[in-house]
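Okay, structure first, notes after.
The values are calculated or read from the model by the stated rules, or taken from the named source; none is laboratory data. These figures come from a predicted structure and were not determined experimentally. Cβ coordinates were reconstructed from backbone atoms using ideal geometry, including for glycine residues, and neighbour counts include every protein chain displayed. With ligands, DNA and RNA removed, areas are computed over all heavy atoms of the protein, side chains included. Shrake-Rupley method; radii C 1.70, N 1.55, O 1.52, S 1.80 Å.
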Amino acid sequence: MNIREEFINFFKERGHEVVSSSPLVPDDETLLFTNAGMVQFKDIFTGEAPTPKNRRATSSQTCLRAGGKHNDLENVGYTSRHHTLFEMLGNFSFGDYFKEDAIKYGWEFVTEVLKFPSEKLWVTIHETDDEAFEIWQKYVEVGRIRRFGDKDNFWQMGDTGPCGPSSEIFYDQGIENFSGSEDYLGGEGDRFLEIWNLVFMQYDRDVNGNLNPLPEPSIDTGMGLERVTAIYEGETTNFHSSLFRPLLNRISQLISKEYLPESGGSFRVIADHIRAVTFLLAQGVSFGNGGRNYVLRRILRRAVRHGYLIGFREPFLFKLVETLIETLGSSYPYLKEEQKRVESEIEAEEQRFFRTIEAGIRLFEEELETTKELFSGETAFKLYDTHGFPLDLTVDMLRERDLKLDFETFEKLMKEQRERAKANWKGSGDHSEHGDFKELLEEFGENEFSYTSLELESEVLGILDENFQRVSGSESGWVLFRNTPFYAESGGQIGDSGVFGETKILDTKKFQGLNLSKFSGNLKVGDVGISKVSERRREVAKHHSATHLLHAVLREVLGDRVQQAGSLVESKKLRFDFSFDGKVPEKKLAEIEEKVNSLIWSGIPQVTENLTPEEAKEKGALALFGEKYGDEVRTVFFEKASIELCGGTHVGNTSEIGIFKIVKESGVSAGVRRIEAVVGESAYRKLRELEIREAEALEKLKSQNLIQGIYKLQKQISDLKAEITELQQSSKKEFSISKIGEISYIVEELETGDVKTEIDEIKNRYDSIAVMLFQKKGKKVLLASGTKNSSIHAGNWIKAIAPILGGGGGGRPDFAQAGGKDISKIEEAKKEAVEFLKK
C-alpha cells in the first residue's frame, strides 16, 4: 500500500483541497526549517491571511528537525522513531469542521484504510476536554481513553494567539516487544507509539494568558508517515520499513559488512542523514558556515563520521542518492531532476571532510587520555576551527563514552572568534511583517501590476502607517494602488521607486500578495493621480534580462549541473550565485562573457507567455525551487537561448542591453560561486573608468604602451635589485664562531642583507651550527634562528628570546623567525640567546 497516496485520496474524497508540500526553507523568518505540516497554513490560522474558498486542505509535508528549537539530530540513530527529515501527513480545517469530523476521519482512516486493529489503539485527550471524551466514546471503549495535562495534550503556536487542546492516537506495539520502565502510555518508551495528533484550535490566548473562544475553531492534524509505514509493515522500528531498508542494504553492500540491528546505529544515522542532505541540496540549500547552510554541513559531517566508524575511508554518501531516489523519486520528481548536481556536491563536501577527519579523531583520542569527566573546551574548539568538526559531532562522540564537554570554555573561544571575524550572517533574509494586510485583501483583493506602462493613472485604495496599521491618510507609510506600474521586490529584482503626483515613491514590496509602495508625502485614501516609475527601471530591466542570458550560458559552458542559488538585480549591477565546485577558470569566464555578448548583439526579441507550470517545463523553462507558482506562470522567452519562469521586468530585445561585462567572480560558500556583472549605462561607465585608469598609468610610466611600460619598469626594478645584492656582497660581514661544549654557534646583528638568506649560507658552510641573527627594520626588530646537526631547536630558541624584544614567533626545529618592537633591547637579547645555549 502507498500510504501517502491513500491518505491524500481519503481526504480528497471528503472535500479537502490537495496542497503540495512546501519547501523545507519556509517563508517565515521565525523558523529555520519547515518542521510541521501546518507551517504553510500558519498565516491562515493566525488571521494574517484570508480564509481560502475551500476551507479544507490536506498535504504530505516534508519536514526537517535539525536545528534551532526543534532539533532531533542528537537522537537519530539511538531511537527507533527520531529522524532529521520526515513526512507529515495532515488534514486541516479553517473554520469548517471541528472535533466531531476530525475524530471520525482519524478513526476511519486508521481502522478502515490502514486496518489497524482497534484493540491496539489508545487515545489521549486534554484533562478538561469533555467534548472530545464524549465523541471518542463512539469509537473507543472508555478504558482506552486517557486524560493528560497541558504538557502532553495542549498545543499553542506561541505565548499568545491561536491554541487549543489536542487528542493523540497511540498504537500499542506490545509488551512482548517493549517492557522497559518507560513503556507505559505517556512514557518515553516505544511500546505506545503516538501516530496521529489532532489539534483542536478553539482558543485565542491574550497577553494576560486568558483563553478566549475563537469565532471559527479550526483543525490541524499531523501523522508521521515513517511511523505508520513501519507499523503497517509489522516493524517495530522505522528504520526496518521499506522507506529505510533499501538504504541500509546499500550501505551494507558498499562497506561489505552485514547490518546488525543491535550494533547498527551508524548504519541508521547514515540512512537517515542522506535523506535530509539530498532533499536540502535538491531544494537549493548549499553547504556553508552560517544558518541553514551550516546545519546542512553538520548533518553531512555527522554521517561521514559514522561512516568512518564502520570503515569508510573515502566518499560514499553520494553513492546512496540513487537508492534514495528509487524509493522517493516518484513522489518527489525534482530529486531525479537534481540527482547529478546533488551527487556532485555531496562528493565534494565529503572529500573536504575526509581530508581532516583522521587528524581530528586522533586529536580527540589524545585528549581523551587525560580526560576524566569533562572534555577540554579548548580542544573541542580546535576540532571545530581547524578540523571542521561541528560541536554537536564532538558532543555525540563524547556521549558514546558517557563524558561531558566544557561548554563554557568552548563558547568563550567561539565568542572571541566571532568578534575577531565580525561575523556578518544576518539570518535568512526572508521578509516578513505583521499588519492589516488581511483587511485590505478581503476588501480589495490583490491589486494589479502593469508590465506595459511606466506611467499610468492610479487610485489610492488604502494606506498603512510605518507599523502597517491601516489609516485614512498619512505623510509616510505604505500605499495600496488600485493598479500600479511599480514593480514589487521579487525574484532578486529590487522594488521600483518613482512618484505619484508630488508624492515620492521610495520602494515597493509585496506583502501577503499585496503590491505596496513605501511613500513620503501627503496621501489620503481616494486620491487619484499619475504614478510614474523612475528611469532607473530601464537599467534594472537590462540587468534582469542579462541575468537570464548569463544563467543559460553558464549551463552551456559549465554543464547543466549549474543551478541558480540566488540573484540580485539592480539598476547599476547584477549578482548571480550558482552551484559550481571550484573557481571558474579565467578562460571559461572569458568564454561566458563572449557568449552572453553574442546573444545580446544577436538582437533576440523577448516574448512572454502565461502557461501552466507543466506547459512551461515541457518547453524547457527553468524554474527555481521554492518559488510560489500559481495555476498559470509567466514564462519569459528569448527564443531558444533562454526560457525561464519569471515575474520580473525585461527588455523587449536583447540588443537593448548593449554590452555585458563581468567585473568579479568569487566564492560564496562551498559549492556556490558568484558572478558580478554590469550592462548598459553601468558597463559604459565601467569601461570609461578603465580607460581613465589606463591613461593615468601611462602617464605615470611615461609610456605610450601600457605593457611595454610595465616591462620597462620591471627591468629597472630587476637591475636595481642586482645592484643592491652586489653592494651587500661587497660589504658582507664575516661572522666568528663561538663554542659552548659541543655546540658551535653564531649570535650577531646583521646590518644589511636578507636574514634568511644569510642563515642558509652559514648553514651551508658548516657541518654543525646554531645561528641567531638580529636586524633593525626601522623602529622594529627582525630576528631569525637556524640550526644544522645541532641539539638546539630553532623554534624553541626564538620563542625564548623574542619576548625580550616585545615580540613573539616560532617555527620549525631547523628554522624559525620572529618580530620585535624594542630595538633598545637587542644587546640584552643577544646575551640571553647565548645563555639559552648554555642552559
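Tabulated data for the structure shown
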item	result
Set of aspartates and glutamates with alpha-carbon distance to K404 below 17 Å, sequence-local pairs under 8 removed	E74, E365, E366, E367, E369, E373, E378, D392, D396
Rounded to the nearest 10 Å², the accessible area of C646 at probe 1.4 Å	20
From phi via Karplus (6.51, -1.76, 1.60), per-residue ³J(HN,Hα) for the stretch 649-666 in Hz, x at Gly/Pro	9, 9, 6, x, 8, 4, 4, 5, 5, x, 8, 10, 9, 6, 10, 6, 10, 8
Test item: Cα-centred dipole of the chain, Lys/Arg +1 and Asp/Glu -1 on Cβ, debye	3860
Of K415/K756; K573/K617; K319/K640; K532/K686; K412/K821, those spanning more than 32 Å from alpha-carbon to alpha-carbon	K415/K756; K319/K640
Per residue accessible area of the stretch 611-710, 1.4 Å probe, in Å²	58
Across K336/K510; K340/K587; K721/K825; K715/K763; K504/K661; K572/K702, pairs whose alpha-carbon gap is larger than 27 Å	K336/K510; K721/K825; K715/K763; K504/K661; K572/K702
Dipole of the chain [Lys/Arg +1, Asp/Glu -1 at C-beta], most positive-end residue of V207, F407, I717	I717
Percent of beta bridges antiparallel (DSSP, the stretch 32-154, rounded to nearest 5)	70
For the stretch 249-286 versus the stretch 313-344, the gap between their alpha-carbon centres in whole angstrom	12
Enclosed volume per residue, in Å³, of the convex hull spanned by Cα atoms of the stretch 122-185	109
Rg in Å to one decimal, and Dmax rounded to a whole Å, for the chain via C-alpha atoms	34.1, 108
Span from the the stretch 1-44 Cα centroid across to the the stretch 472-538 one, whole angstrom	34
Taking the chain and dividing mean pair separation by its residue count, relative contact order in percent (alpha carbons under 8 Å, at least six apart)	6
Positive-end residue, the chain charge dipole about Cα centroid, Cβ charges, pick of P605, I657, S80	I657
Overall Cα dimensions of the stretch 71-125, principal axis frame, Å, largest first	38, 31, 22
Rounded percent of accessible protein surface that carbon and sulfur make up, the chain, 1.4 Å probe	46
For the chain, with +1 on Lys and Arg beta carbons and -1 on Asp and Glu, the positive-most of F511, Q173, Y334 along the dipole	Y334
Per-residue [θ]222 nm for the chain (sum of -39500 (n - 2.57) over DSSP H runs n ≥ 4, rounded to 500)	-11000 deg cm²/dmol
Relative contact order (%) - the stretch 173-213, alpha-carbon pairs under 8 angstrom, separation at least six	25
Cα convex hull of the stretch 238-378 - mean projected area over all directions, nm²	9.8
The stretch 784-799 and the stretch 350-394: distance between their alpha carbon centers, rounded to Å	30
On Cα atoms only, tilt of 536-558 relative to the major axis of the chain in degrees	80
Length gained when the stretch E749-S718 is fully extended (0.36 nm per residue, less Cα-Cα span)	8.4 nm
Of the trypsin sites (Lys or Arg not before Pro) in the stretch 746-806, those whose Cβ has at most 10 other Cβ within 10 Å and which sit in DSSP loop	K779
For the stretch 440-549: relative contact order, % (alpha-carbon pairs under 8 angstrom, 6 or more apart)	29
Cα-based Rg of the stretch 1-65 normalised by 2.2 N^0.38 Å, two decimals	1.19
Under 17 Å from K839, Cα to Cα: aspartates and glutamates that are on another chain or at least 8 residues apart	E742, E828
Low-density loop cleavage sites - chymotrypsin sites (Phe, Trp or Tyr not before Pro) in the stretch 704-770, where at most 16 other Cβ are within 10 Å (DSSP)	F735, Y766
27 Å Cα-Cα reach of K138 towards lysines, excluding residues that sit fewer than 8 places from it in its own chain	K12, K99, K104, K115, K120, K151
Residue-by-residue Karplus 3J(HN,Hα) for the stretch 171-176, coefficients 6.51, -1.76, 1.60, Hz, glycine and proline x	10, 8, 7, x, 5, 5
On Cα atoms only, tilt of 3-12 relative to the major axis of the chain in degrees	50
Extension gain (nm, one decimal) between E439 and K319, 0.36 nm per residue minus Cα-Cα	38.0 nm
Residue-normalised accessible area of the stretch 306-428, expressed per residue, 1.4 Å probe, Å²	56
Full-stretch length increase - S263, S520 - with 0.36 nm per residue and alpha-carbon distance subtracted	85.8 nm
